[in-house]
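The values are calculated or read from the model by the stated rules, or taken from the named source; none is laboratory data. None of these values were measured; they are calculated from a predicted model. Because the Cβ atoms are built from the backbone with ideal geometry, glycine has one as well, and the counts that use them run over all protein chains shown. Surface areas here come from the heavy atoms of the whole protein model, side chains and all, with no ligands, DNA or RNA. Shrake-Rupley method; radii C 1.70, N 1.55, O 1.52, S 1.80 Å.
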Number of protein chains: 2
Amino acid sequence: MLPASIKKFIEGFSKLPSLGPRLATRLAFYLLNLDRAELASLIDALGGLKRLNRCPRCFFFKEANAALCTICANPARATGTIAVVERETDLLAIEKTGKFGGQYLILGELPEKGIFESTHKLRLAALKRHIGEGGGHLKELIIALSPTSFGDFAADVIGQEFKGLAEKITRLGRGIPTGGEIEFADEETLSSALERRS
Amino acid sequence: MLPASIKKFIEGFSKLPSLGPRLATRLAFYLLNLDRAELASLIDALGGLKRLNRCPRCFFFKEANAALCTICANPARATGTIAVVERETDLLAIEKTGKFGGQYLILGELPEKGIFESTHKLRLAALKRHIGEGGGHLKELIIALSPTSFGDFAADVIGQEFKGLAEKITRLGRGIPTGGEIEFADEETLSSALERRS
């Protein structure tokens, strides 16, 4: 009973995270009720994502016509400190703190089990090459992977691989999150918080 | 720090209902991490909404190259019974029940106060014209507007205007919703439920 173009929209958009068929249907009619210029501008905004590709150094996204992403191209960023993150949104979260002035490597979504896939290996190899070109070693490599069991495992492997290529290899501090309640912290977190007390 | 194309996407999509900047950002990177064919298919699906326009009879959406929407064009639907609904999604909700075999008029989103706007007036005029062409009167006009105070007011106005153009003018039954608890029903709903007991 729905026109084919609406069905196609709902089918495609309901697969996106946090959407689902109900919200996709509501969105379809919301969009159809916008004026044509507003709809055209959203179509344009989505289409614009095609103009992006990955930075060959850190693998964040950049406009396709730029050589590097805005972070790698920024001369004010410290080149000797690199944070390895899993996802682009992890990079955004770190940028938001305003406390990090180095560069990044986007490792790519880690699988739930198993070891690195070809994408991860390629990106780590690119980082090694980049370190080599920059004089052979970093001041600090921050392995900013989430402290899950696979994140920890991946961090160990990366730590081994980059030993000798960085003066310091660190991970993010663990402890009670701001606003978190001690009563509800798990044992591991609480142990880390005790060890790292200051 | 974000590429302009990502900023533009987040700016546009964060204005959509239930999205907001956080989810729009997450969506941007989700989409960028899809393979190119999947992204292209979503761009296509969104762009396809431009190919739709409104049915001149009921104002639901139809493919632009069709004369009427699939409901108005369906010879199996009763032409003498018309349900007036506010939104396209109200039509979908009624269709989902499988209990209605008539046709519709999409009135358009009602303003929170005031009377009908030009869109509503045009659509009601189109319905009158259509009733005229069809022999001058309907078997039943169901005013399926939500039982809010403005919905009630609008229903009264429509009821007056179409008096004489339909054998029966009805509204949806009011009562306790399925799964609802009597204890928590408001007085009006409970009064209606008592009056309409069966």
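Here is how the numbers come out for the structure above:
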read-out	value
Carbon plus sulfur fraction of accessible area for chain B, probe 1.4 Å, in percent	53 percent
Shielding by partners, peptide A:10-21 (average Cβ within 10 angstrom, other chains)	3
Acute angle (nearest 10 degrees) that the helix B:4-13 long axis makes with the longest principal axis of chain B, alpha-carbon atoms	10 degrees
Free-standing Cys residues across chain B, given no other cysteine C-beta under 4.7 angstrom	B:CYS58, B:CYS72
Computed magnitude of the charge dipole of the protein assembly as shown (debye, nearest 20; Cβ of K, R +1, Cβ of D, E -1)	1460 debye
Distant-in-sequence amide H partners of B:LEU138 (H built 1.01 Å from N, under 5 Å)	B:ALA166, B:GLU167
Modelled FRET efficiency - R0 41 Å, B:GLU140 with B:ASN33, Cβ distances, 0.05 increments	0.20
Paramagnetic label zone (point 7 Å from Cα along Cα-to-C-beta, A:SER149; backbone N under 18 Å) in segment A:99-127	A:110-116
Extreme residue, positive dipole direction of segment A:65-123, given options A:PHE100, A:ALA66, A:ALA78 (C-beta unit charges)	A:ALA78
Prolate/oblate/rounded label for segment A:53-171 (Cα gyration tensor, a/c 1.5)	rounded
Inter-probe distance in nm under a simple model that places probes 7 Å from Cα toward Cβ, at A:ILE176 and B:LYS15	4.4 nm
Three-way shape label, segment A:4-52, alpha-carbon gyration tensor, a/c 1.5	oblate
For A:ALA83, distant residues with modelled amide H under 5 Å away	A:GLN103, A:TYR104, A:LEU105, A:ILE142
HN-Hα J in Hz across segment B:96-103 - Karplus 6.51, -1.76, 1.60, θ = phi - 60°, x for Gly and Pro	4, 5, x, 9, 10, x, x, 10
Cut-off 15 Å between beta-carbons: net charge of the residues surrounding B:GLY134, Lys and Arg +1, Asp and Glu -1	+2
Highest to lowest packing among B:157-167, B:87-97, scored as the average C-beta count within 10 Å	B:87-97, B:157-167
Helix B:149-161 axis, angle to chain B major axis (alpha carbon atoms, nearest 10°)	50 degrees
Angle in degrees between helix A:118-133 and the longest Cα principal axis of chain A, rounded to the nearest 10	50 degrees
Extension gain, A:VAL157 back to A:GLU183 (0.36 nm per residue minus Cα-Cα distance, nm)	6.1 nm
Rounded to whole Hz, the Karplus (6.51, -1.76, 1.60) HN-Hα couplings of segment A:87-92, x for glycine and proline	10, 4, 6, 5, 4, 4
Probe 1.4 Å, all protein chains present, accessible-area order of A:GLU112, A:GLU195, largest first	A:GLU112, A:GLU195
For the protein assembly as shown, radius of gyration divided by Kirkwood radius, i.e. Rg to Rh on alpha-carbons	1.13
Counting DSSP beta bridges with both ends in segment A:53-171, the antiparallel % (nearest 5)	10 percent
Loop-located trypsin sites (Lys or Arg not before Pro) in segment B:5-49 whose Cβ has at most 15 other Cβ within 10 Å (DSSP)	B:LYS15
15 Å Cα cut-off, lysine pairs counted over chain A (separation 8 or more, or different chains)	6
Number of partner chain Cβ atoms within 10 Å, mean per residue of B:29-38	4
Antiparallel DSSP beta bridges within the protein assembly as shown, as percent of all bridges there, nearest 5	20 percent
Under 5 Å, built H, 5+ apart or other chain: amide partners of A:LEU145	A:LEU172
A versus B: buried accessible surface, summed, Å² (probe 1.4 Å, to nearest 100)	4700 Å²
